[in-house]
Amino acid sequence: MRKQQKKSVPPWLVDRLFRNLLIDATGNTHRAEFSIDKMYSPDGPTGRLGLLELRGFEMPPHARMSLTQQLLLRSLVARFWRRPYRPRRLVRWGTELHDRFMLPHFVWQDFEDVIHDTAEAGYPLRADWFAPHFEFRFPRIGEFAARGARFELRTALEPWNVLGEESAAGGTARYVDSSVERLQVRATGITGERHVLTCNGRALPLAPTGNVGEFVAGVRYRAWQPWSALHPTIGVHAPLTFDLVDTWMNRSMGGCQYHVVHPGGRAHEDFPVNAYAAEGRRLARFHRMGHTPGRIEARPEERNPNFSFTLDLRR
């Protein structure tokens, strides 16, 4: 009887089971990370193509990067087919998904755990094969050094909120608020009690990484102000001025400035001709100077208990 029950399971039951679970917050199946619209839908033949769309991935800029990405997916499918993932309980990360795991350091740390687990299952992948993916997704903005301490700025992840419906030409549209950005600051060689790193005068919530003298923190800021946004009354925070404040001497030991656009307000009339031109434009927005002169008293910043790794300049 059990064998007959297994054979009598209709193929479209997978669609009925997961269609209402694999959706985003608005109920849209196309914006879910796993889309089964074209897997085996009972609605019509166009939905019965046997396709599972992984929408959490983006198109890599190089063919070899695409090959390593496909190799990782094939290895994970084979690993879970042989030994399904059945932990005792799933971790409820809560707001850490939009806090800790938006920063490049913790994303790469988690990815290394995946590579290690895959290698133990018999698929010897190496994390350094995916270094181009890391550099492409989290490009380095710049770095500076002051009094033996080094600081590195990298672009971090920032989800875009889907706004409500608005009237548009020919009907209604739902825009996204792409005006908020996030970056990561990685600090090494600082003294915790003496040195405080600030951004636009506010102390960063530096969190230890497990390595001696190494800390990371995120900065969330309004990069530009569109006509339709989630917070229309909050202005632009750029340029971002970073200062290494010596609390014993109450002065800035050094710092840098990061501009979202060209520092002189220049608008480029054409697209960059190649990757080097694009990188040159991006590097021109970072300066190892411009820190705050004179006496500074770094005020203690109350940490947000829900987002303890990120300084949100909008708050």
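The values are calculated or read from the model by the stated rules, or taken from the named source; none is laboratory data. Note that the structure is predicted; figures quoted are calculated from it, not measured. So basically every Cβ, Gly included, is an ideal-geometry build from the backbone, and we count neighbours across all protein chains shown. Surface accessibility is based on the protein's heavy atoms, side chains included, excluding ligands, DNA and RNA. Shrake-Rupley method; radii C 1.70, N 1.55, O 1.52, S 1.80 Å.
What to note about this one:
- For residue 163, the amide hydrogen comes within under 5 Å of the amide hydrogens of 175, 176, 177, counting only partners 5 or more places away or on other chains and with H modelled in the peptide plane.
- Listed residues 244, 153, 283, most fluctuating in the chain (Gaussian network, C-alpha, under 10 Å): 283
- Modelled label positions at residue 21 and residue 129, each set 7 Å beyond Cα in the direction of Cβ, lie 3.0 nm from each other.
- P(r), alpha carbons of the chain - 10 Å bins starting at zero, rounded %: 5, 19, 28, 25, 15, 6, 2, 0, 0
- One decimal place: the segment residue 136-residue 279 gains 50.3 nm when fully extended, by the rule 0.36 nm per residue minus the C-alpha distance.
- For region 1-89, the Stokes-Einstein estimate of translational diffusion at 10 °C and a viscosity of 1.306 mPa s comes to 102 µm²/s, using the Kirkwood hydrodynamic radius over alpha-carbon pairs.
- For the options 37, 246, 117, a Gaussian network treatment of the chain with springs between C-alpha atoms closer than 10 Å singles out 37 as fluctuating the most.
- Counting only protein heavy atoms and a 1.4 Å probe, region 168-315 has 57 square angstrom of accessible area per residue.
- Surface composition of region 76-189: carbon and sulfur atoms hold 53% of the protein heavy-atom accessible area at a 1.4 Å probe.
- Loop-located chymotrypsin sites (Phe, Trp or Tyr not before Pro) in region 102-174 (DSSP state not H, G, I, E or B) with no more than 15 neighbouring Cβ atoms inside 10 Å: 160.
- Sites excluded, GluC sites (Glu not before Pro) in DSSP loops with at most 11 other C-beta within 10 Å, longest stretch of the chain: 59-192
- With the helix formula -39500 (n - 2.57) applied to DSSP H stretches of n ≥ 4, the chain reaches a computed 222 nm mean residue ellipticity of -6000 deg cm²/dmol.
- Over the Cα atoms of region 107-253, the radius of gyration divided by the Kirkwood radius equals 1.08; this is the Rg/Rh ratio.
- The string of couplings for region 12-19 from the Karplus curve (6.51, -1.76, 1.60, θ = phi - 60°) is 7, 5, 4, 5, 5, 6, 9, 4 Hz, one whole number per residue in order, with x for Gly and Pro.
- Accessible surface, region 117-167, averaged per residue in Å² (probe 1.4 Å): 55
- Region 108-116 - phi-based ³J(HN,Hα) in whole Hz, Karplus 6.51/-1.76/1.60, Gly and Pro as x: 5, 4, 5, 5, 4, 5, 5, 4, 5
- Of 64, 31, 74, the one that fluctuates the most in a GNM where the chain has Cα springs shorter than 10 Å: 31
- Residues in region 261-273 carry Karplus couplings, in order, of 10, 4, x, x, x, 6, 10, 5, 8, 9, 7, x, 6 Hz; the curve used is 6.51 cos²θ - 1.76 cosθ + 1.60 with θ = phi - 60°, and Gly or Pro positions show x.
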